[in-house]
Amino acid sequence: MSQQTQLQQKAEELLTDKKVDLVIGYGLVETGHIGAVFITTPEQSNQLLWNDQCVHNLVVYLKRKEVQKLGRPAIIVKGCDARAIAVLETEHQLNRENIIVIGMECAGIRVNNVLQEKCKTCDLHQPPHCDFVIEHPEKVTLTSDAISGSPNRYARLEKIMALNIEERLDYWKQEFSRCIKCYACRQNCPMCYCDVCVVEKNRPVRIDTSATLKGNFAWNILRAFHLAGRCIGCSACSTACPAGIDLDLLNLSLAKAVEEHFNYHAGTERNVEPLIGTFSPEDQENFIR
């Protein structure tokens with residue numbers, strides 16, 4: 001039985017037994033593409049899809065007020081997406097007991113038939129922290145070696161970190177010059193949940209509202225630092241960016257620093273103190289020297 005069929009059956013069961021009021025999953029949307037669908041009746045369960053085009057991180061919808069009004073949710077997650085739930089729980093942004101999480105074992109997600117970079121070094125094909133996990137039919141494909149031969153999640157940083165400081169600055173100038181300040185990265189990130197974002201505060205104006213190079217640098221670097229110790233590497237920001245800016249590289253750089261200095265990898269464990277705002281006498285201080 002395919003993963004999609006098992007998923008549809010599980011959703012139908014949960015809705016029939018009234019264990020949830022809706023299922024947040026993947027399905028065909030008005031544009032004809034695969035996007036988020038909100039299933040509220042057992043009869044709608046056959047609308048749920050699962051394949052290697054299910055790119056979006058649906059956890060972002062758990063913080064949307066209009067979705068919360070629909071009642072107790074079940075949500076479909078990949079391995080990287082599941083980490084977001086753990087971070088939100090740690091930050092007291094959701095009550096895990098009120099959510100049913102259905103994990104889908106994943107052999108990689110493709111955009112325009114190209115395997116996403118994050119999938120090439122994925123080390124979490126089986127989603128953690130789930131109530132149910134629907135297994136992939138071919139276990140042999142669920143190892144990093146089978147996909148790329150490299151389990152190093154920070155491999156993509158090596159090329160840019162090999163550049164000198166001036167070359168790296170030039171690279172980001174070229175990247176950020178394309179930013180149009182649409183904030184799609186923010187809207188698609190499950191970790192961006194502030195009611196009022198800093199870019200919307202105008203007394204005083206902290207970041208240029210227009211798409212100037214200075215303002216673009218300020219916005220993208222500020223957001224990356226806000227995600228330090230929180231980004232779970234789902235690539236929702238890069239996928240959403242209409243300018244094709246590889247925002248993952250910024251987040252990966254900070255995630256690598258966090259792991260090296262604090263041995264902390266966001267979302268891998270539940271019920272742990274968040275890195276930012278937590279002090280430990282065992283923390284090394286060499287990162288500020």
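Starting from residues that are hydrophobic (A, V, I, L, M, F, W, C) and within 25 Å of the chain's Cα centre (by Cα), keep the ones in the range 165-180 and report whichever is nearest to PHE217 (Cα to Cα).
PHE176
Restricting attention to the range 263-289, which residues are hydrophobic (A, V, I, L, M, F, W, C) and at pLDDT below 85?
VAL272, LEU275, ILE276, PHE279, PHE287, ILE288
Any residue at all in the range 280-287 that is part of a helix (DSSP H, G or I), crowded, with 18+ Cβ neighbours inside 10 Å and out of contact with any helix residue (DSSP H, G or I) (no Cβ under 7 Å at 6 or more places or on another chain)?
no
Can you pull out every residue in the range 224-261 that is closer than 17 Å to GLU158 by Cα and either of a type in the set (Phe, Trp, Tyr) or without any contact (Cβ under 8 Å) to a residue 40 or more places away in the chain (or both)?
Listed by number, the residues that qualify are LEU250, ASN251, LEU254, ALA257, VAL258, GLU259, GLU260.
Residue by residue through the range 182-216, note down the ones that are over 29 Å from VAL87 (Cβ atoms) and either touching a Pro at 6+ places or on another chain (Cβ under 8 Å) or outside any loop (DSSP other than H, G, I, E, B) (or both).
Hits for the range 182-216 are ASN202, VAL205, LEU213, LYS214.
Yes or no: ALA107 hydrophobic (A, V, I, L, M, F, W, C), under 20 Å from ALA236 (Cα atoms) and outside any loop (DSSP other than H, G, I, E, B)?
no
Considering only residues that are of a type in the set (Gly, Ala, Ser) and either more than 15 Å from HIS226 (Cα to Cα) or touching a His at 6+ places or on another chain (Cβ under 7 Å) (or both), which ones fall in the range 244-283?
GLY244, GLY267, SER280
Quick test of your reading of the structure: PHE176 fulfils all but one of (1) under 20 Å from LYS78 (Cβ atoms); (2) modelled with pLDDT of 90 or more. Name the failing condition by number.
Every listed condition holds for PHE176 apart from (1).
Looking at the structure I just gave you, is HIS129 in contact with a His (Cβ under 8 Å, 6 or more places away or on another chain) and either surrounded by 13 or more Cβ atoms within 10 Å (Cβ to Cβ) or at pLDDT below 85 (or both)?
no
Residues to consider are GLU117, GLU167; find the one that is of a type in the set (D, E, K, R), out of contact with any Ser or Thr (no Cβ under 8 Å at 6 or more places or on another chain) and either outside the structural domain of LEU7 (by TED's automatic domain parsing) or modelled with pLDDT under 95 (or both).
Testing whether each residue is of a type in the set (D, E, K, R), out of contact with any Ser or Thr (no Cβ under 8 Å at 6 or more places or on another chain) and either outside the structural domain of LEU7 (by TED's automatic domain parsing) or modelled with pLDDT under 95 (or both) leaves just GLU167.
I'm trying to understand the selection: among the residues of the range 252-266, which are more than 17 Å from ALA162 (Cα to Cα) and either surrounded by fewer than 17 Cβ atoms within 10 Å (Cβ to Cβ) or under 16 Å from the mean Cα position of the chain (by Cα) (or both)?
Of everything in the range 252-266, those that are more than 17 Å from ALA162 (Cα to Cα) and either surrounded by fewer than 17 Cβ atoms within 10 Å (Cβ to Cβ) or under 16 Å from the mean Cα position of the chain (by Cα) (or both) turn out to be ALA255, GLU259, GLU260, HIS261, PHE262, ASN263, HIS265, ALA266.
The values are calculated or read from the model by the stated rules, or taken from the named source; none is laboratory data. Nothing here was measured: the structure is a model prediction, and the numbers come from that model. Heads up, the Cβs are rebuilt from the backbone with ideal geometry, glycines too, and the neighbour counts pull from every protein chain shown.
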